Amino acid sequence: MNYSLRPVLLLALLLVGCASSEVSSARTLHVFAAASLTDAFTELGEEFEAANPGVRVAFNFAGSQALRTQIEEGAPADVFASANKTEIDLLVASAHVTPDMPQVFLSNRLVVILTENNPAALENLEDLAKPGIKLVFAAEEVPVGEYTCQALDRMNRHFGRDFKDKVLANVVSKEDNVRQVVAKIQLGEADAGIVYTSDAAAAPELPAIEIPPEFNIVAEYPIAILSRSANPELANVFIAYVLSEQGQAVLQKWGFASPD
Amino acid sequence: MNRLHNLFIRFLRDGHLVWVFILPSTILLALFALPLLTLFIRSSNEGFFIYAFSEESLQALRLSLVTSTATTLVAILFGTPLAFMLARWRFRMKSWIELFIDLPIVLPPSVAGLVLLIAFGRRGMFGSALSLLGVSLPFTTAAVVIAQTFVAAPLYVRSARVGFAAIDKQLEEAAHVEGANEWQLFYAVMFPLAGRALLSGAILTWTRALGEFGATILFAGNLEGVTQTMPMAIYLGFERNLGIALALSVVLVIVSVLLLLFTRRLEKQDHD
């Protein structure tokens, strides 16, 4: 055996050196945000980094319920922006968020999006109950899925007792987050889906059916700093930025509304 | 540096070689065993039996078992001829075909799901042809089988190919001398001799299909009873309530262990 340990040790030292130098040169803020915030928050992150040199914002976009689970299981996060109050409340209950911290920073509404060229010729909400069409919703655990259920309950009172059942019978898949719903509609796999108005704004090529206010729900998005955050001051600066005029302008550009 | 080197050599020569084998093995085994043990410990709570035997859990389990078995059968039926050809025949496009067979194994499952969707989806390249035949694949149980076959069947073909290739050419020649035709050669000589490789390939395929998640959720979607397999139910259950995910995971692990033990017995019998 005529090998030498020297090059191996050298390589190991190099790798350790690289890793530690990365940690000391940039401060990273970990932001967990609902999938519907993907475009808006990515832009906010870029502007925040430009305004605060030396800071890197690392996003984790997923269904709010998935993010809450990850936080509960110990994922490192500084800020959490959820699509509903339920997930934040769960984190307050498990002491990951202090009770008075969450602030509502935007509101959102639901809309029906249709696949391009609308082959199923859907024109109004009642058409959602048409037999044989394919609908894709988010799963009920996902905030938008829960809101969809509430909206359907409201429609039930107007369109007849079994409207909701007929609509649910047309559902062919229950997705894990709202962007998956949008993707399936964009690919033309299903005829229609229910997503946020912000998602419809991000995909303007898709025809849409408006949901009037008497059936629609107002989704309030809370944002909060996590009690185990490693960068509490930076997190607060970020949250302040989201709530600021500049931040709200970016959000509204992407189709969100200011908190009511 | 040199002293350390000499120490290591002397350590080996003095017969402590056995630790060079035992130590790394133990670490790897610990990586497998510790999480599984933790699963069983943490899942034992009051809700366990309610979750484990719930309608959703049994539906997902049934779907997983049905689809993974179907996938294995498809792999055997279609993969055996392919593996035989690759092992025993010589033809022009052989190396390209072997590349295509190995590719799905290397592809991340989400990529597999994506390409299946753009090829066979409603608006996919071949989707319109399929819909002319009245077939719409996404969101069906058939789509689950197709997605599983895409990622798992190559494992069978690889194993079977190795098995067929390992058969001594002289046996083939001897069979020809004895007057056997191609089919008799395959049926009475090749198939039995490659049996172990075929069986282990089938087991690999079946376990890979059972655990498949990424391609299925993209191509087939998620609907209880139709396309929600056990891995999917666990993943989504994890986001609702950790207890559900743990209970379903335990069920899946127990079922998998039982089936692996069963196939192991088949292997032993086959060998004797």
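The values are calculated or read from the model by the stated rules, or taken from the named source; none is laboratory data. For clarity, every value in this text was computed on a predicted model and none was experimentally measured. So basically every Cβ, Gly included, is an ideal-geometry build from the backbone, and we count neighbours across all protein chains shown.
The set of residues in the stretch B:178-220 that are basic (Lys, Arg) and surrounded by fewer than 18 Cβ atoms within 10 Å (Cβ to Cβ) contains only B:ARG196. Across the stretch B:229-243, the qualifying residues are those that are closer than 20 Å to A:PHE137 by Cβ and in contact with a Ser or Thr (Cβ under 9 Å, 6 or more places away or on another chain), and the one among them that is surrounded by the most Cβ atoms within 10 Å (Cβ to Cβ) is B:THR229. Take the residues of the stretch B:156-168 that are in a helix (DSSP H, G or I) and among the hydrophobic types (A, V, I, L, M, F, W, C): which is surrounded by the fewest Cβ atoms within 10 Å (Cβ to Cβ)? So, considering only residues that are in a helix (DSSP H, G or I) and among the hydrophobic types (A, V, I, L, M, F, W, C), the one surrounded by the fewest Cβ atoms within 10 Å (Cβ to Cβ) is B:ALA165. Would you check if there is a residue in the stretch B:244-264 being touching an Asp or Glu at 6+ places or on another chain (Cβ under 7 Å), surrounded by 12 or more Cβ atoms within 10 Å (Cβ to Cβ) and assigned to a helix (DSSP H, G or I)? No: the stretch B:244-264 contains no residue that is touching an Asp or Glu at 6+ places or on another chain (Cβ under 7 Å), surrounded by 12 or more Cβ atoms within 10 Å (Cβ to Cβ) and assigned to a helix (DSSP H, G or I). Among the residues of the stretch A:30-43, those identified as part of a strand (DSSP E or B) and either in contact with a Cys (Cβ under 7 Å, 6 or more places away or on another chain) or surrounded by 24 or more Cβ atoms within 10 Å (Cβ to Cβ) (or both) are A:VAL31, A:PHE32, A:ALA33, A:ALA34.
Looking only at the stretch B:5-61, residues that are within 14 Å of chain A (Cβ to nearest Cβ), free of Cβ contacts under 8 Å to residues at least 24 places away in the same chain and not aromatic (Phe, Trp, Tyr) come to 11 in all.
In summary, B:GLN269 fulfils each of the numbered conditions (1) over 23 Å from B:LEU34 (Cα atoms); (2) assigned to a helix (DSSP H, G or I); (3) polar (S, T, N, Q); (4) touching a residue at least 60 places away in the same chain (Cβ under 8 Å) with the single exception of condition (4). Among all residues of the stretch A:79-90, there is at least one that is among the charged types (D, E, K, R), within 15 Å of the chain's Cα centre (by Cα) and closer than 23 Å to B:LEU242 by Cα. Within the stretch B:86-97, the set of residues being at pLDDT below 90 and surrounded by 15 or more Cβ atoms within 10 Å (Cβ to Cβ) comprises B:ALA87, B:ARG88. Of all the criteria given as (1) under 26 Å from B:LEU236 (Cα atoms); (2) out of contact with any strand residue (DSSP E or B) (no Cβ under 7 Å at 6 or more places or on another chain); (3) of a type in the set (S, T, N, Q), the one not satisfied by A:SER173 is (2).
Residue-by-condition table, conditions (1) under 13 Å from the mean Cα position of the chain (by Cα); (2) surrounded by fewer than 22 Cβ atoms within 10 Å (Cβ to Cβ); (3) not aliphatic (A, V, I, L, M):
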position: A:ALA51; (1), (2), (3): no, yes, no
position: A:GLY63; (1), (2), (3): yes, no, yes
position: A:GLU73; (1), (2), (3): no, yes, yes
position: A:PRO76; (1), (2), (3): no, yes, yes
position: A:SER107; (1), (2), (3): yes, yes, yes
position: A:PRO119; (1), (2), (3): no, yes, yes
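Among the candidates A:VAL178, A:VAL195, A:VAL182, the residue that is away from every other protein chain (no Cβ under 13 Å), closer than 16 Å to B:ARG122 by Cα and touching a residue at least 60 places away in the same chain (Cβ under 8 Å) is uniquely A:VAL182.
Here is a yes/no grid of residues against (1) without any contact (Cβ under 8 Å) to a residue 60 or more places away in the chain; (2) within 14 Å of chain B (Cβ to nearest Cβ); (3) among the polar types (S, T, N, Q):
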| site | (1), (2), (3) |
| --- | --- |
| A:LEU67 | yes, yes, no |
| A:GLY74 | yes, yes, no |
| A:ASP78 | no, no, no |
| A:ARG109 | no, no, no |
| A:GLY145 | yes, yes, no |
| A:ALA151 | no, no, no |
| A:LYS164 | yes, no, no |
| A:LYS174 | yes, yes, no |
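Figure legend. Inter-residue proximity from the stretch A:120-140: first residues of a type in the set (Asp, Glu), second residues part of a helix (DSSP H, G or I), beta-carbon distance below 7 Å, spacing 6+ or different chains. Indicated pairs: A:GLU126/A:PHE159; A:GLU140/A:GLU146; A:GLU140/A:CYS149. The set of residues from the stretch A:141-186 being within 18 Å of the chain's Cα centre (by Cα) and acidic (Asp, Glu) comprises A:GLU141, A:GLU146, A:GLU175, A:ASP176. A residue that is at pLDDT 90 or above, β-branched (Val, Ile, Thr) and surrounded by fewer than 21 Cβ atoms within 10 Å (Cβ to Cβ) cannot be found anywhere in the stretch B:117-137.
Could you name every one of the helices (runs of 4 or more DSSP H) located completely within the stretch B:169-224 that has at least 2 residues being more than 28 Å from B:TYR235 (Cα to Cα) and not aromatic (Phe, Trp, Tyr)?
Ranges flagged: B:169-177, B:195-211.
Collect the residues in the stretch A:217-251 that are small (Gly, Ala, Ser) and more than 21 Å from A:VAL92 (Cα to Cα), keeping them in residue-number order. Within the stretch A:217-251, A:SER244, A:GLY247, A:ALA249 qualify.
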